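The values are calculated or read from the model by the stated rules, or taken from the named source; none is laboratory data. The shown structure was predicted, so the numbers you read here are calculated from the model rather than taken from an experiment. The area values use the complete protein model at the heavy-atom level, side chains included, leaving out ligands, DNA and RNA. Shrake-Rupley method; radii C 1.70, N 1.55, O 1.52, S 1.80 Å.
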Amino acid sequence: QVQLVEFGGGLVQAGESLRLSCAASGRIFSIDFMGWYRQAPGRQREVVAFITGDGTIKYVDSVKGRFIISRDNAKNTVYLQMNSLKPDDTGVYYCYLDQAKQPRYWGLGTQVTVSS
């Protein structure tokens with residue numbers, strides 16, 4: 001089993017920044033994908049950004065140029081630096097991890113609220 005614990009959510013004003021982190025522990029073999037989804041009230045969960053085992057990075061169009069995902073392989077931790085936050089970025093952010101064809105692992109989520 002793998003456990004994911006997220007840190008860093010909170011309430012900020014538009015234009016400010018937040019940094020999320022997600023630490024993975026447990027039986028980690030070879031991570032294929034690690035990244036973030038978010039779910040806003042009344043909307044479907046959407047992928048925000050992910051990083052692959054070989055370091056390839058992808059972002060949803062709405063956060064390109066504002067968010068930066070990174071990973072510390074030694075700590076099995078992924079970060080999401082969120083800059084120039086907008087009210088539309090409000091939601092619960094969930095960390096996830098894919099490895100070795102196992103079912104996807106999810107964190108419990110952390111709330112991000114951006115006020116206008």
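Excluding residues fewer than 8 places away in the same chain, name every one of the aspartates and glutamates whose C-alpha is closer than 18 Å to that of Lys75.
Reachable aspartates and glutamates: Glu6, Asp32, Asp54, Asp98.
With every protein chain kept in place and ligands, DNA and RNA left out, what is the accessible area per residue of the chain? Probe 1.4 Å, answer in Å².
It amounts to 54 Å² per residue over the chain.
Report in % the part of the accessible area of the chain that belongs to carbon and sulfur, leaving out ligands and nucleic acids; probe 1.4 Å.
50
Taking the square root of 5 times each eigenvalue of the Cα gyration tensor, what semi-axes in Å does the equivalent ellipsoid of the chain have, largest first?
24, 14, 13
List the lysines whose Cα sits under 17 Å from the Cα of Lys86, skipping any in the same chain fewer than 8 residues away.
Partners found: Lys64.
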